[in-house]
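The values are calculated or read from the model by the stated rules, or taken from the named source; none is laboratory data. Not measured: the values here are computed from a predicted model. We place every Cβ from the backbone using ideal geometry, glycine too, and count neighbours over all the protein chains shown. Ligands, DNA and RNA are stripped out before the accessible areas are found, and what is left, the full protein with its side chains, is counted by its heavy atoms. Shrake-Rupley method; radii C 1.70, N 1.55, O 1.52, S 1.80 Å.
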Amino acid sequence: MEPMFADTVRQRDNTIDIRGIFLRIREYWLFILVCLVLSMLCGYFYLRYSTPKYIADAKVLIKTGQKDAANGALLEELGVHGSNTNAQNEVEIFKSRILMRRVVDGMHLNIAYYVPGKIQTTSLYDDAPFRLMPLFNDSSIKSSHIYKIHRQGTNYTITEGSKHWNISLGDSATISVGPVLLESNPFAGHLYDNTNDFKVIVFPPEDIVDAYLGSLIVDLINKQGNIITLSLKDAIPRRAEDVLNRLIEEYQRSNIEDKNQVADGTIDFINQRLSGIGTELTGVEKTIENFKSSNNLTDVEAQSKLLLDNTSDNTKELMQKEVQLRVLESLERYVQDGNNMRRVMPATLIAQDPTLIKIIEDYNNLQNERQRLLMSYTEASAYVKNVDQQLEELRSGMKSYISSLRRSYQVTVDELKSKSSSIASGIKQVPEKQRILLDYTRQQQIKQELYVFLLKKKEEMSISRSATVSSLKIIDPAKKEPGPISPRRSRVYLMAFVIGLIVPGIRIGAKELFNTRIAGKRDIDRLTNMPILAEIGHSKHDEAVIVKNDSRTVIAEQFRALRTNLQFLMAGDDRKVIMVTSSMSGEGKSFISINLAATIALAGKKVVLMELDLRKPQISQHLNIKQAQGFSNYVIGQSTLDDIITPTGVTDNFFVISAGPIPPNPSEIILMPKVAQLFNALKEQFDYIVIDTPPVGLVTDAQLLSNYADVVAYVIRQEYTFKEQLKNADSLYQRGRLKNIGLIVNDVKAEKGGNYGYGYGSGYFEEDKRSAIKKVFKRK
């Protein structure tokens, strides 16, 4: 027969038990609240004592595809051409170590100043009252050095471990890192005038470079545009602004140096040629002076005027070609010199050949590109090697072309000289001395023209160099954003709130995961489909019988509910036997048996409770019954039925049959024929028979006695019965080894998991109350 009460038909499901979760939260609410409060306090103290980070932003424009207007025409005339700027390359240059190292060295950022506090150390920047200026190359510093500095007026004591150095403002001293100068900071203000103890840390510069590069963000606003944004995080907003502005300054300086590199190379080349031409010109002038002096020549100009007028045009053209030829010869030697392989070409100065101009332009562009790549890559990089290969190819082509052009100029010069010889042969009448002087004068004019030309170009190049401007335009100088970017107050409190929920969640979840005992109704629903007959609450009293005629406790009402549910299961006059069993000792099986029998007796039914746990009988002891004869005496024929039936004294209709002497073979006793006769006789005399049996999980006695039972009440105890034992009981239920079985959940705490009560409000039953704090600590 199937159970008829509400909880008998139950299906397992895998849906989320929202109600169970809510009940767990309600059960551990104080623990969760304490975790939330502690977590929020941790968040508060983290915000209170953590060092906030600020961010400064700057915006610059890279002017791409433009040459320097001041010297563009001059460089083009000299055959020297700059390269266009690529915005993406400039982004990488901003992030280069070389540029940041210049900033760190220039601002002495590797020397940090602090004011020690009881809890937190305050970092100083421009408000430190003094400065330690290194008088050495700090690149040699490989590890950090921490110094304590005590101030007494203008005298300072620097301490590192057991070492001490005394120094005054404006003086120098040699400390462990090297010689330093202690000077006053004029921008410090008066905030720390009354502070006498400071801490200074000298870091390796490369460590600071790494730190700032890690905090630096450089990116293009638009990949197709030329506007670059720079952002830097720092604990001191003013320092972040200064570092960004200094970084932009160093970029501009580097950019100008890069642009002037071509001009500097050309000026160096001109200086070398000026030195040589000047020496030659001085030699020719001294030769003329000596020739005139030795030959008593005074008015040579008047004497040779006619000859010069006739030969001026040819001489002028010859001088121009010889100048160009000399320049080409010098340029050819420059190209062939291996020491100039990594330098830009100074161009042809007066060459107007477009092919040569294009070759030199390409060559200089590649040299500049190589210098830019070396700011981000090493010479072993594939990018640099590719540029080196292109340079070598251009250099080889340039050598060939210059050599060809020089031969062409040589032919022209030879032709002009031949023409001069023809003219000279026509004026053989000129005195020999005048002719010799004329040759000297012509050499002087050639060298003088070349010297003046080079000097003029040098001055023009120097002027244009001083007018060189950077290709960067500052749109917005560095400015910090309002408020710190970390820690974010709202984010920290949100994280603290989440952690305050996660920690108790993990604790509760771990407890549920590793708990091997039955915790509540959810475990029962998950492990078995057996119906629940009733749940019996936790009893705080020591007496065995708690259900009496005037009882108004929660437990008494639960036993009455159990009695009602059993009446549905045992409808019919022939269904009278209730067997109570469990999985192991200590689950309250005897307690349930006694009070179930008492509850039925209080309803006016005649009930007998059979103490058939022959191995460990407890019923007689709990009821204070001193009965020597019992079940075992009757089965072996030593006593009659009337001899073993004993009133309990609890109520008039409640009787008990004690176990009697413990037999050596309980299972064999139960299998004797007189047992069936006993049950038949008892059914005639009593309305209900309650059997207290041994645990079904330990011995077979309960399974043997179940043949006489109409209903099996299987007792499990909350937080005592193992989950595996409930699985074994479910296996017996599924296989039909125990018929018409139902569960009785014993020792249920009111606040745990499944709430099986009736919903009566607080104060309805006669129960003592525990404080919420006492409950929480008891659970833990």
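Can you give me the number of residues within the stretch 190-228 that are over 19 Å from residue 111 (Cβ atoms) and open to solvent by 40 Å² or more (accessible area, probe 1.4 Å)?
14
Against the conditions (1) out of contact with any Lys or Arg (no Cβ under 9 Å at 6 or more places or on another chain); (2) surrounded by 14 or more Cβ atoms within 10 Å (Cβ to Cβ); (3) touching a residue at least 40 places away in the same chain (Cβ under 8 Å); (4) part of a strand (DSSP E or B), where does residue 179 fall short? Just the number, please.
For residue 179, the failing item is (2).
Among the residues of the stretch 482-514, which ones are touching a strand residue (DSSP E or B) at 6+ places or on another chain (Cβ under 6 Å) and surrounded by 15 or more Cβ atoms within 10 Å (Cβ to Cβ)?
Passing the criteria: only 484.
Here is a yes/no grid of residues against (1) in a helix (DSSP H, G or I); (2) at pLDDT 90 or above:
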| residue | (1), (2) |
| --- | --- |
| 98 | yes, yes |
| 102 | yes, yes |
| 105 | yes, yes |
| 113 | no, yes |
| 118 | no, no |
| 139 | yes, no |
| 142 | no, no |
| 146 | no, yes |
| 150 | no, yes |
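List the pairs whose first member sits in the stretch 133-146 and is more than 15 Å from residue 209 (Cβ to Cβ) and among the small types (Gly, Ala, Ser), whose second member is open to solvent by 90 Å² or more (accessible area, probe 1.4 Å) and in a helix (DSSP H, G or I), and whose Cβ atoms are under 7 Å apart, counting only residues at least 6 apart or on separate chains?
Once the first residue is more than 15 Å from residue 209 (Cβ to Cβ) and among the small types (Gly, Ala, Ser) and sits in the stretch 133-146, no partner that is open to solvent by 90 Å² or more (accessible area, probe 1.4 Å) and in a helix (DSSP H, G or I) comes close enough.
Filter the stretch 263-286 for residues that are surrounded by 14 or more Cβ atoms within 10 Å (Cβ to Cβ) and β-branched (Val, Ile, Thr) and give the result.
Correct list: 266, 267, 270, 277, 284.
Residue 231 fails exactly one of the following numbered conditions: (1) small (Gly, Ala, Ser); (2) modelled with pLDDT under 85; (3) surrounded by 13 or more Cβ atoms within 10 Å (Cβ to Cβ). What is the number of that condition?
(2)
Restricting the stretch 619-651 to residues that are touching an Asp or Glu at 6+ places or on another chain (Cβ under 8 Å) and not aromatic (Phe, Trp, Tyr), which is surrounded by the most Cβ atoms within 10 Å (Cβ to Cβ)?
Within the stretch 619-651, the match that is surrounded by the most Cβ atoms within 10 Å (Cβ to Cβ) is 630.
Between residues in the stretch 530-542 that are within 22 Å of residue 622 (Cα to Cα) and residues that are open to solvent by less than 30 Å² (accessible area, probe 1.4 Å) and in a strand (DSSP E or B), which pairs lie under 6 Å by C-beta distance while being six or more apart or on different chains?
535/745; 535/748; 536/746; 537/748; 538/747
Name the residues in the stretch 107-129 that are open to solvent by less than 50 Å² (accessible area, probe 1.4 Å), over 25 Å from residue 143 (Cβ atoms) and in contact with an Asp or Glu (Cβ under 9 Å, 6 or more places away or on another chain), would you?
129
Residues being of a type outside the set (A, V, I, L, M, F, W, C), more than 20 Å from residue 664 (Cα to Cα) and at pLDDT 85 or above: count how many of those fall in the stretch 620-645.
6
Kindly indicate the residue of the stretch 326-335 that is more than 13 Å from residue 447 (Cα to Cα) and in contact (Cβ under 8 Å) with a residue 24 or more places away in the chain and also surrounded by the fewest Cβ atoms within 10 Å (Cβ to Cβ) among those meeting that condition.
The residue in question is 329.
Kindly indicate whether any position in the stretch 62-84 is touching a Ser or Thr at 6+ places or on another chain (Cβ under 8 Å), of a type outside the set (Lys, Arg), at pLDDT 65 or above and within 30 Å of residue 367 (Cβ to Cβ).
There is at least one residue in the stretch 62-84 that is touching a Ser or Thr at 6+ places or on another chain (Cβ under 8 Å), of a type outside the set (Lys, Arg), at pLDDT 65 or above and within 30 Å of residue 367 (Cβ to Cβ).
Scan the stretch 653-677 for residues that are more than 19 Å from residue 708 (Cβ to Cβ) and either open to solvent by less than 30 Å² (accessible area, probe 1.4 Å) or touching a residue at least 24 places away in the same chain (Cβ under 8 Å) (or both) and jot them down.
653, 654, 661, 662
Name the residues in the stretch 261-278 that are charged (D, E, K, R) and more than 13 Å from residue 462 (Cβ to Cβ), would you?
273
Is it true that some residue in the stretch 760-776 is in contact with a helix residue (DSSP H, G or I) (Cβ under 7 Å, 6 or more places away or on another chain), assigned to a loop (DSSP other than H, G, I, E, B), among the hydroxyl-bearing types (Ser, Thr, Tyr) and modelled with pLDDT under 85?
The answer is no; no qualifying residue exists.
Looking only at the stretch 454-481, which residues are of a type outside the set (Val, Ile, Thr) and open to solvent by less than 30 Å² (accessible area, probe 1.4 Å)?
454, 457, 461, 464, 470, 471, 472, 478
So, restricting to helices (runs of 4 or more DSSP H) that lie completely within the stretch 283-388, which ones have at least 3 residues that are over 18 Å from residue 402 (Cβ atoms) and modelled with pLDDT of 80 or more?
354-374
Since residue 395 meets every condition but one in (1) within 22 Å of residue 325 (Cα to Cα); (2) basic (Lys, Arg); (3) open to solvent by 20 Å² or more (accessible area, probe 1.4 Å); (4) under 59 Å from the mean Cα position of the chain (by Cα), which condition does it not meet?
(3)
Residues in the stretch 634-691 that are of a type in the set (A, V, I, L, M), farther than 16 Å from residue 615 by Cβ and in a loop (DSSP other than H, G, I, E, B): how many?
Adding up the residues that qualify gives 3.
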